[in-house]
Amino acid sequence: QVQLVESGGGLVQPEGSLRLSCVASGSIFSRNAMGWYRQAPGKQRELVARITTGDSTLYADSVKGRFTISRDNAKNTVYLQMNSLKPEDTAVYYCNTDPPFFHPYLRRPYWGQGTQVTVSS
């Protein structure tokens with residue numbers, strides 16, 4: 001059974017911090033690069049950070065220096081530490097493999113429910 005469960009979102013003031021967590025099925029977590037994506041209202045979903053099985057990381061320019069992705073292989077969990085948050089970081093945040101996991105029965109990319117991050121004073 002495929003599982004992607006995100007948590008840790010919330011309302012935070014500008015320049016604040018949040019730490020997102022995502023528990024994934026072991027079957028997809030252990031062999032794949034993992035990514036954090038976000039989708040703001042009216043915009044396409046975008047990849048903001050990724051981490052390989054070897055812990056190499058890559059960040060979108062918009063979050064570089066502020067966000068840090070990490071993974072705990074023993075817990076099948078990927079994290080996103082977000083610092084110095086800006087209003088433009090407001091979005092629903094999702095984790096997934098990179099590229100996104102294609103569900104063989106749904107025959108489309110599988111996504112979890114995401115976690116809402118709102119940055120506002």
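The values are calculated or read from the model by the stated rules, or taken from the named source; none is laboratory data. The shown structure was predicted, so the numbers you read here are calculated from the model rather than taken from an experiment. Cβ coordinates were reconstructed from backbone atoms using ideal geometry, including for glycine residues, and neighbour counts include every protein chain displayed. These area figures cover heavy atoms from the full protein model, side chains too; ligands, DNA and RNA do not enter into them. Shrake-Rupley method; radii C 1.70, N 1.55, O 1.52, S 1.80 Å.
Among the residues in segment 84-101, are any in a strand (DSSP E or B), free of Cβ contacts under 8 Å to residues at least 24 places away in the same chain and hydrophobic (A, V, I, L, M, F, W, C)?
no
How about segment 23-44: which of its residues are surrounded by fewer than 17 Cβ atoms within 10 Å (Cβ to Cβ) and either charged (D, E, K, R) or not in a loop (DSSP other than H, G, I, E, B) (or both)?
Those that are surrounded by fewer than 17 Cβ atoms within 10 Å (Cβ to Cβ) and either charged (D, E, K, R) or not in a loop (DSSP other than H, G, I, E, B) (or both): G26, S27, R31, Q39, K43.
Between a residue in segment 45-68 that is on the phi > 0 side of the Ramachandran plot and any residue that is open to solvent by 60 Å² or more (accessible area, probe 1.4 Å), which pairs come within a Cβ distance under 9 Å, given they are 6 or more apart or on different chains?
No pair meets every condition.
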